[in-house]
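Quick notes on the structure that follows.
What follows draws every value from the coordinates through simple rules; no lab data is involved. This one's a predicted model, so the numbers in the text were calculated from it and none came from an experiment. No Cβ is skipped: glycine too gets one built from the backbone with ideal geometry, and neighbour counts run over all protein chains shown.
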Amino acid sequence: MIWRKLLILNPLSGIILYLILNLSNCAKDSLCRHKIWDDSKEGKGVKKIDFDCMNGDVEWTGPYGGLFVNIKGPVKEHELCIQVSSIGTSALVSSVAEDNQLKRLVTILEPKNHQHVQKRTLCFPAYKDTLLFVEPDVGAFISSKITIEYDIEQNPRYGEDACRPCTDEELLYNFCSSDFVAVGKVEDIKSTPAVNILHVSLDHVKKQSAKYFTKETVNLETRFTGKLYSPGQCSMSTSRSKFVFMGKIKFSRLELKCAPTYEDFFELQQSSKLKGATLCT
């Protein structure tokens, strides 16, 4: 497979309209974080926290009782992914329906080694808000910990759509809204049925919301290296071409959204400017 452009979202009719409509939603994209510490079982019952960001996490130390986690999503169908990790305690995570019935989503049994962290990840379609209920083991130690991470994908891609190329509009949008934008080459690809792991060598890191790329100096030249992830069903191969990598950070991994060639994206930028489009306002 020769890469030109890799992944797409749902196309809109025009570049300027697409950027206006989508970049207006970015204000909600900040990370929400909560920490809860139950240092005593006395008076501890069921607690509730609310999230109104596109991604976030709660760290619950010394868990006791129960915890409602209310994730406020967009008013349209979206994909919600949760990652549950526990140490020293069992963790049961259920979704709460409108009739207050519980549907079990994730079960982590108490590990024999209390220092061993267990993780489970689950993605499912959602609409508007999602209410989760988290239950620890009744005999959890004071040092036990449960962590719930979540990520909302407004434009989920399933099946063959996960491998379709980005449109010009989507390339410009992702260039402005991605967690990372970098220019470089693919050195190697490790593939499994679930995921492709791309080992990349980068000439420039134009943007990254966290430092996930490693800086190296070889023969007095500075470069960056790192790993990018894409869906396993997408057939991929290495190439000598230089690409512009764009994507998001999801559960501490760099997920690739689009990868146009450097030449293609440069031409797109120039033509967009001639049409009067202002990038990343």
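Anything over 21 Å Cα to Cα? Flag those among LYS48/LYS211; LYS185/LYS206; LYS215/LYS242; LYS211/LYS273; LYS47/LYS119; LYS48/LYS72, in the order listed.
Violating the 21 Å limit, Cα to Cα: LYS48/LYS211; LYS211/LYS273; LYS47/LYS119.
Would you calculate the separation in nanometres between label points at LYS103 and LYS76, each defined as 7 Å from the Cα along the Cα-to-beta-carbon direction?
2.2
If every alpha-carbon in region 131-281 counts as one equal scatterer, what log10 I(q)/I(0) does Debye give at q = 0.10, 0.19 1/Å?
The computed values of log10 I(q)/I(0) come out as -0.45, -1.24.
For SER239, what residues show an amide H to amide H distance below 5 Å, using hydrogens built from the backbone and excluding near sequence neighbours?
HN-HN under 5 Å from SER239: VAL186.
Take every Cα pair under 8 Å in region 55-170 that's 6+ residues apart, average their separations, divide by the length, and report that relative contact order as a whole percent.
Answer for region 55-170 is 44 percent.
Place the peptides 179-189, 117-127 in order of packing, highest mean first, counting for every residue the other Cβ atoms within 10 Å and averaging per peptide.
179-189, 117-127
Over all distinct Cα pairs, what is the inverse of the mean 1/r for region 192-254, reported as the Kirkwood hydrodynamic radius in Å?
13.1
So, by mean Cβ neighbours within 10 angstrom, what's the order for 143-155, 95-107 with the highest one leading?
Taking the mean over residues of other Cβ atoms within 10 Å, the ranking is 143-155, 95-107.
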